[in-house]
Each structure stands twice: as C-alpha cells, then as structure tokens.
Amino acid sequence: MGTIFSFQTSQKIITGRGSLKLIIDELNFFHSKSILIITDPGIIKSGVIKPLLKILEQENFKYEIFDKVEADPNYKLVYEAVDMCEKIKADLIIGIGGGSSMDIAKVTSILATNRGDIKDYFGINLIPKPGIKKILIPTTAGTGSEVTPIAILSDEEEKLKKGIVSQYLYPEVAILDAELTIGLPPKITAATGMDALIHAIEAYTSINANELSDMFAIKAIEYIYPNIRTAFSNGSNIEAREKMLTGSMFAGIAFANAGVTAVHAFAYPIGAEFHIPHGIANTIMFPYVMEFNFIGNLDRFAYLANLFGEKIENMSNRDAALKFVESIKNLAYDLNVPQKLSNFKVSDKDIPELAKGVMKVTRLLKNNPRIITYEDAVEIYKKAL
C-alpha cells in the first residue's frame, strides 16, 4: 500500500444474458440519428448480428454496416471505415465481434474527429481530442477490447503489430451478452479464451500491478480457468460462456491498468509475419516466456499455481511456479491449441529478425518482471520452435 497509481475503465458496462436489448436506452440517451456498425464477414454469415439488427429496425434507427474487418487488420483498413462513417454522417459507432472489429471501431471513432495519418497516433496519448460515441459488443471471450484504451493494428510494411493507447479509445458503453457467444466454434473458443487467461496472468505479474488490477486479474483467473475446458467441450453451456465472457472483461480491465508483458511482445512479430492468430501466438509463447520470467517474482508465480488448484502445500515457491507453467501446457493440450512455432512453418533462420521485432515492443517489455535482452529473445524463440 502507499503506491501511487491511476485506474480507469469504460464509462458504462452492461452485462447479463439478454442485455443486448438495453442498447436502445443507450442509443436514445445519445440521440443517435445515424449509426455505423463495424464487424467482420463471419459475424454476418453466422447470423450473430441478427438480434442487433432486429432491435435497431424495430426502433427505426438508421444504420449502415461496414463488414470488411479481418483478423489482425492492417491499419489501412481504418481509412475505408472512416470514409463510410463520413458518407453516412454517423454520430455513433457500434463495434460488434471479436477484438479486431472492436479495435477498428475504436480507431474509426477517433479518426472521424482527429484528422491526419493514423501512423501519427501509434504510441501513447497522442490523440488530441475524443472521437464520436461508440458502443462495443464482444462476441468472443478473448481480447477484452471493450474495456481497454488500446487498439492493435498490423503494419505489413514493418511486419509488426502496433498499438494506439489513449483514454479516448474507451467506449462510452460496453455490452456483454453471453447469448451472443453460444455459437462460437471450439477452436475460436480455445484461442480467445487462452488470450483472456494470459491477459489476466500477465497483468498479475506485471511490475505495474496494483491492488485494483490484482483484484480484477485474480477474479478473471477464477472465472476463466475452471470454465474454459467446459466452454470448449460444450459450447452451449451458457453458464460457462457467461463466466468466460465476464472473466475476459475482468482480464481486460486488469491489463488495461497494469499492462501485459513479454508474452505479447513475442506474439506480435510472429502474428504479423506468419499470420498466426493472436490467441494461438500468445499460447505458443506463454510457457517459454513464463519459464524465463518466474524468477523475477517467485511469490506471484507460485500463487498462480494455487489459483489453478494445484497442490503446492509442501513445495518451494520455485517448484510451485514451475508447476503453474506445467498446468498451462496441459491446458493448451486439452484445448488442442498448437504449442510449437514449427506448426506454422517458422524456422531457425527466422528467429534473428523475429527477436529484433520483440525488442521494438518497448511499451510491453518495460512491464516485464525480468529484463529481456536480444539474446534472451533469440533463446526463447528457439525453445518455442
């Protein structure tokens, strides 16, 4: 206690089964006249968006849909969304889908009011003024983007993912309705769920962790870890889905305030270069980064084993921490998530450039409980091959 820290999250969070219908109250409060919905083709094809459109049409709200969002979207895609936003004179944006759709919605919002090159805003607190109003609706239990001031976009020229961080990226409203996640396929459930769990663990082990971020990180782990196997195995289990969605949100609040660490720094280059889905990239790198990190804070890593329900009563903190790492490997195996980079044709010759990419992600490396050098990065990638 006694440490100075700040804490923020989205202005309003609405949760619960069937809570999507409450969006009408929010749209009326904002006096919305023209709405831009930002999503991806999969959300359209699956029909997940239909309940939202039905509500809007019943209440006679005018809307248009931008559905070109792809996984790990290139930053240039935002310009297309902004063009549509201006064309329909949108006064509110709804982002519905996974993290990519919500991130594009957030950045479209701020570019609608802040002119210039999007590259000018990569970094921390570089956006001059707020964007137009936005409501975010996650349909996966993964990124927690609905409660973070962060948007991650790909720069294909530099083969790197880059972040925009600003309090103006927080949505005015986040709506979490677990009924929208029922149709999520097992593969996506696993990858996004692992992403959420890793968010919570990294927030808890970040050097910037504080009493409030710890509270959310621990609660996220307590919600996600016992339910992720059930959600993967039986996707119609609404109780497990709801715990996963809420846990993902808690994890987002935790890392938005404490920061993620080196796992994400390692995941960004392989995601950008080899197009490995983000949750899978994190899962692959996680045990090897944790094996490197755990001596940086033995007490916390040992406590994670306790949160995972491991029997550690007679273990040293070191052995308990390693037991936690082993538990993560077992979880990835149960969820059938790839655990090696070689599954994605990454080879030894690729490692030097990938390691250089890691060292560029200083925003995250500075949160890590152990200092990482270029040589360390090379060795960690080699272990993940």
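The values are calculated or read from the model by the stated rules, or taken from the named source; none is laboratory data. This one's a predicted model, so the numbers in the text were calculated from it and none came from an experiment. All Cβ positions, glycine included, derive from the backbone under ideal geometry; neighbour counts span all protein chains shown.
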Report yes if ASP103 is modelled with pLDDT of 95 or more, outside the structural domain of GLY252 (by TED's automatic domain parsing) and charged (D, E, K, R), otherwise no. yes
Count of residues meeting criterion [among the charged types (D, E, K, R), surrounded by fewer than 17 Cβ atoms within 10 Å (Cβ to Cβ) and under 22 Å from the mean Cα position of the chain (by Cα)] in the range 330-365: 3
Exactly one of ILE270, ILE276 is crowded, with 19+ Cβ neighbours inside 10 Å, in a loop (DSSP other than H, G, I, E, B) and hydrophobic (A, V, I, L, M, F, W, C), and that one is ILE276
For residues in the range 110-142 being in contact (Cβ under 8 Å) with a residue 40 or more places away in the chain and among the polar types (S, T, N, Q), which is nearest to ILE188 (Cα to Cα)? THR140
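May I ask you to verify whether ILE295 is within 29 Å of GLY183 (Cα to Cα) and part of a helix (DSSP H, G or I)?
Spelling it out, it is not the case that ILE295 is within 29 Å of GLY183 (Cα to Cα) and part of a helix (DSSP H, G or I).
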Could you figure out which of (1) in a helix (DSSP H, G or I); (2) farther than 22 Å from THR230 by Cα isn't true of GLU326? (2)
Could you figure out which of (1) in contact (Cβ under 8 Å) with a residue 24 or more places away in the chain; (2) of a type in the set (Lys, Arg); (3) more than 22 Å from GLU242 (Cβ to Cβ) isn't true of LYS187? (3)
Output the number of residues of the range 18-57 satisfying the condition of being closer than 17 Å to ALA81 by Cα and of a type in the set (Ser, Thr, Tyr). 2
When you check THR192 against the structure, is it among the hydroxyl-bearing types (Ser, Thr, Tyr) and within 30 Å of LEU92 (Cβ to Cβ), yes or no? yes
Expected single match for over 18 Å from LEU169 (Cα atoms) and either polar (S, T, N, Q) or not assigned by TED's automatic domain parsing to the domain that holds ALA281 (or both) among ALA90, ALA71, ALA112 is ALA71
Of the residues in the range 263-290, those that are in contact with a Leu (Cβ under 6 Å, 6 or more places away or on another chain) and among the small types (Gly, Ala, Ser) come to ALA265, ALA272
So if I check each of ALA209, ALA251, ALA240, which one is at pLDDT 95 or above, assigned to a helix (DSSP H, G or I) and within 29 Å of SER154 (Cβ to Cβ)? ALA251
Could you check, for the range 174-193, whether at least one of its residues is of a type in the set (Val, Ile, Thr), within 18 Å of ILE284 (Cβ to Cβ) and surrounded by fewer than 24 Cβ atoms within 10 Å (Cβ to Cβ)? yes
Given the criterion free of Cβ contacts under 8 Å to residues at least 60 places away in the same chain, in contact with a Leu (Cβ under 9 Å, 6 or more places away or on another chain) and more than 19 Å from ALA262 (Cα to Cα), identify the matching residue among ASN343, ASN317, ASN330, ASN306. ASN317
